[in-house]
Amino acid sequence: MTVDPNAATQGFPSPETPRPQPARFLVPALVGAAVAVALGVYGKAHDPAGTAFNLAGFSSTGAVKSWLATAAVFFALVQVLSALMLYGKLPGPAWSGALHRWSGRAAFLLAVPVAVHCLYALGYQTYEARVFWHSLLGCFFFGAFSAKMLLLRSERLPAWLLPIVGGLVFTVLTIIWLTSALWFFRTFGVTT
């Protein structure tokens, strides 16, 4: 009996296809969880100051936060559209990669002062359902965002992973906006 050394072997992965290493995904998930928990613990333990900042031209801190959050959601929407261009789901220009990166940076930079104000001035609150979900998802957002940024640096990611994590980050940011900025605009009117 002769054995063909070039014959495919059943049941074993080919040497060219490395198996995914769960630790590559576990570390970003653990870091993201640590960021979310740390923000929640700080927000709960910190004695709320009441206010942290206000900008000239705005009627209140709530208006500043609502408009910054709205701009962040706008840039996050640009992120989703440019990601669909990058994945070939929508036609797009050659510079859609740069658009994706810069819109993400803009969304993050707009979200940070809002989060700092929420944590410093208001803390982690649970006195009603809307506020509880806003506090919980606000912490989760920055944890998920941290995990996504770490995953971007990983090699050989499954093709489905970044769209799922990016979609989760976008969805959570949208819910945060619904429970804060939209609520503010509906309650106090669309004012500056």
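The values are calculated or read from the model by the stated rules, or taken from the named source; none is laboratory data. Nothing here was measured: the structure is a model prediction, and the numbers come from that model. Here the Cβ positions follow ideal geometry from the backbone for every residue, glycine too, while neighbour counts run over all protein chains shown. Remember, those area values only see protein heavy atoms, side chains included, never the ligands or the DNA or RNA. Shrake-Rupley method; radii C 1.70, N 1.55, O 1.52, S 1.80 Å.
Brief remarks on what is shown
- When segment 38-76 is filtered for residues that are at pLDDT 95 or above, of a type outside the set (Ser, Thr, Tyr) and farther than 17 Å from Cys139 by Cα, the ones remaining, listed by number, are Ala71, Phe74, Phe75, Ala76.
- Single match in Leu109, Leu86, Leu77, Leu81 (criterion: open to solvent by 30 Å² or more (accessible area, probe 1.4 Å), in contact with a helix residue (DSSP H, G or I) (Cβ under 7 Å, 6 or more places away or on another chain) and hydrophobic (A, V, I, L, M, F, W, C)): Leu86
- Criterion applied to Lys65, Lys148 was being more than 26 Å from Val190 (Cα to Cα) and among the charged types (D, E, K, R), and the one residue passing it is Lys148.
- Filter pass, Ala121 being more than 11 Å from the chain's Cα centre (by Cα) and in contact (Cβ under 8 Å) with a residue 12 or more places away in the chain: yes
- Residue in segment 181-188 that is among the charged types (D, E, K, R), touching a Leu at 6+ places or on another chain (Cβ under 8 Å) and part of a helix (DSSP H, G or I) present: no
- Residue selected from segment 147-162 under the condition small (Gly, Ala, Ser) and either closer than 17 Å to Val41 by Cα or at pLDDT below 90 (or both), by the criterion surrounded by the fewest Cβ atoms within 10 Å (Cβ to Cβ): Ala159
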